[in-house]
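The values are calculated or read from the model by the stated rules, or taken from the named source; none is laboratory data. What you see is a predicted model, and the numbers here were worked out from it, not measured in a lab. Reconstructed Cβ throughout: ideal geometry from the backbone, glycine too, with neighbour counts over all protein chains shown. Ligands, DNA and RNA are stripped out before the accessible areas are found, and what is left, the full protein with its side chains, is counted by its heavy atoms. Shrake-Rupley method; radii C 1.70, N 1.55, O 1.52, S 1.80 Å.
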Amino acid sequence: MRSVEALYYKLFSIPRAEIMLVASLFAALLLSLLDASLLYLWALVFAVSLAALKVAKLKFDLKRISFLAIFITTLSTPAVVLKGNATASAFVLFITYYFCSERKALSVPLASLPYIALSPQISTLIGLLISTLLFLLYIRILDVKVGVVRIRNFVEKFVLFWLTSNPKFMEEFLEDSADDFEGRVRCLAVNEARLVQTDFHPGPFRNVGGAMLVEKLSDGGIYLHSPTSHARNPVSAEEVEKIVSAVRCSEKALTPQKPFKVESENFEAYCFPFAETRMVFVSGKRHIDDFIINSESFVVDCHNAYEENYDPDEGEVGEIARLVKVAEERTSEPSNAKSAFVRVDAETDSLCGYAAAVLLDYGEERYAIVVFDANNVDLRFRRHVEKLFGEMGYTAVVASTDNHAKTGMRAKLAYKPAGQDERDWEVAEKLANCCREAELKDAVFSYGERRVKVKVMGEKLLRDAEVAVERRAKGLIATFLAFAATNYLLSTMLRFIA
């Protein structure tokens, strides 16, 4: 998903509405000193765009309309000054209206109005005809498939989603090529705390489909990331609700045993065994990210050692699988436990909703399962958290939820792992202070597990979307620029016609 996520960071951001409007109008007034018709063009584009909000369901707000008006006016300026035709910018306006509106058939008629009203001449009609032909040809070029991904459909849905934050647009695209996947939904309850996990992935990004999993499943407890991948992203809110409805936490009682730690060259695992099942937390010593292994145990991918652009290779996944098997086969003794649950609501550039800790006292040994609702954890920050809890006598097992709700939230801002926002360190201190005052009670453990079949992105869609972005995006952008330049050149030359 990294290539798709990266689209967000390349998109521009613009000032708030009132500043953009004033700046846009002032710029248009300055351009009108070169040619008075430029101010009229700005006003016409602005007015038609306002009308398009209702007529074509253009997904713009005031600041975007202000920006579009001055952008089109500025783009037309050289052609107008050279006594060419303002339709030099028509191709760009056609494309903008098309991809940013729901009623796409109205794009060309609406976008033609400012030019016709500005200059109702034969040269304008010829310029608009040229722009229309180039527009139709470009849309046709976009209408190709890369595997299961139809590029035009992808761009249409992606742009509308980016403009509105309404997940239905991207979810419609994802559902067209979704795969069915049946996975487990697990819940381990410790007194009042619920530790929920699924075989699905909390993505792809922002508020689309499975990206809402963590929020939905963290009520009354914490979400724990499983060995999974983006191929298992639920494609819609409806599929997420199927998962949420499958959560059961008290189907059977669990008998606790003493926890222990096992480790390998690159990873370490903390096992919290029960007579009936085992909970195994896999941490990275230097790095860790999505991996998939087969296990009947409650295995947690702690997602707690961030390294940019890291993907585990087959050797490392095999190393994790062997480590988990060792944890599953090692014997342990029964043990009573006391427990407390502490949760601090918090949101920063990296934290999506909370930080929490499940405190477990087994007598001679005490553990704290510390979870940050974030996408991975900065390793230096993790060591700090481990030290904080170590000073209280707890061995901290730090994990993140791998929540993608922050991915693409703001233009040019990639997601940050927990610890890369200074406020995260304050949250960690607050959580630790609350844990110092927590009252531990005799722990009662219970467990529930259900299977549910939902629609997920699947390997084909994930792979083909990556290929479409990586291999086709640059070429299609270059083609767009070439068409825009061609339209500009031909419209400027219209002054030589009759």
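Accessible surface for segment 355-448, divided over its residues, is 41 Å² per residue with a 1.4 Å probe. Stretching ARG423 away from SER297 to a fully extended chain increases their span by 41.9 nm, per 0.36 nm per residue minus the current alpha-carbon distance.
Between the listed residues THR348, LEU163, VAL22, the Cα displaced farthest toward the positive end of the dipole of the chain, a dipole computed from Cβ unit charges relative to the Cα centre, is found at VAL22.
Within 11 Å, Cβ to Cβ, of ALA17, how many net charges do the neighbouring residues add up to if Lys/Arg are +1 and Asp/Glu are -1? Walk me through the numbers on the way to the answer.
Details: positive: ARG16, LYS63, ARG64; negative: GLU18, ASP61.
Taking every Cβ under 11 Å from that of ALA17, the sum is +1.
The GluC sites (Glu not before Pro) of segment 362-395 that DSSP puts in a loop, and whose beta carbon has at most 16 other beta carbons within 10 Å, are GLU364, GLU365, GLU391.
Applying the Karplus relation 6.51 cos²θ - 1.76 cosθ + 1.60 with θ = phi - 60° to segment 348-357 yields 3J(HN,Hα) values of 9, 5, 10, 7, 8, x, 6, 10, 8, 9 Hz, where x marks Gly and Pro.
With the cut-off at 20 Å, tell me which of the pairs LYS104/LYS168; LYS285/LYS406; LYS54/LYS104 have Cα atoms farther apart than that. Correct reply: LYS285/LYS406. Of ALA246, PRO202, SER264, which is farthest on the positive side of the dipole of segment 182-458, counting Cα position, with +1 on Lys and Arg Cβ, -1 on Asp and Glu Cβ, and the Cα centre as origin? The Cα lying farthest towards the positive end belongs to ALA246. Charged neighbours of ARG184, selected by a Cβ distance under 9 Å, balance to 0 (K, R count +1; D, E count -1).
Probe of 1.4 angstrom, ligands and nucleic acids ignored: what's the accessible area per residue over segment 1-142, in square angstrom?
Accessible area per residue, segment 1-142: 45 Å².
If both residues of a DSSP beta bridge must be in segment 182-458, then about 80% of such bridges are antiparallel.
Residue separation of ASP61 and THR255 scaled by 0.36 nm, minus their Cα-Cα distance, works out to 64.1 nm of gained length. In a DSSP loop and with at most 15 other Cβ atoms within 10 Å, the GluC sites (Glu not before Pro) in segment 169-260 are GLU192, GLU251.
Each residue was assigned an accessible area with a 1.4 Å probe, and for ILE116 the value is about 70 Å².
For ASP311, ASP402, give me the order by solvent-accessible area with a 1.4 Å probe, most accessible first, ignoring ligands, DNA and RNA.
Highest to lowest solvent-accessible surface, that is ASP311, ASP402.
The charge dipole of segment 182-458, taken about the Cα centre with unit charges on the Cβ atoms of Lys, Arg (+1) and Asp, Glu (-1), comes to about 500 debye, rounded to the nearest 20.
Just add up the charged neighbours of VAL144: K/R +1, D/E -1, any other residue whose Cβ is under 13 Å from the Cβ of VAL144.
+4
Within the full protein context, the accessible area of LEU30 is estimated at about 90 Å² for a probe radius of 1.4 Å.
With pairing defined as another cysteine C-beta under 4.7 Å, the cysteines of the chain that fail it are CYS100, CYS271, CYS302, CYS352, CYS434, CYS435. Between ASN309 and SER165, the simple label model (points 7 Å from Cα in the Cβ direction) yields a spacing of 3.2 nm. Rounded to the nearest 20, the size of the Cβ-charge dipole of the chain about its Cα centre is 2200 debye, with Lys and Arg at +1 and Asp and Glu at -1.
The mean accessible area for residues of segment 146-240, using a 1.4 Å probe and ignoring ligands and nucleic acids, is 28 Å² per residue.
Taking label positions 7 Å along the Cα-Cβ direction at both ARG451 and ASN153, the computed distance is 3.0 nm, reported to one decimal. Along the Cα-to-C-beta direction of LYS460, a point sits 7 Å from the Cα; which residues of segment 164-179 have their amide N less than 12 Å from that point? Only 176-179 pass the distance filter.
Ranking of GLU328, GLU18 by solvent-accessible surface, largest first: GLU18, GLU328 (1.4 Å probe, protein heavy atoms only, all chains present). For volume of the Cα convex hull per residue in Å³, the value calculated from this model appears in (i) 144; (ii) 160; (iii) 172 under label (i). Dipole magnitude for segment 1-142: about 380 debye, using +1 per Lys or Arg Cβ and -1 per Asp or Glu Cβ, origin at the Cα centre. Full extension of the chain between GLU241 and PHE480 gives 82.0 nm of extra length, using 0.36 nm per residue less the Cα-Cα distance. Extending 7 Å from Cα along the Cβ direction at VAL326 and again at LEU50 yields two label points whose distance is 7.0 nm.
Dipole of segment 182-458 computed with +1 at Lys/Arg Cβ and -1 at Asp/Glu Cβ about the Cα centre; of ALA399, GLY448, ASN375, farthest Cα towards the positive end is GLY448.
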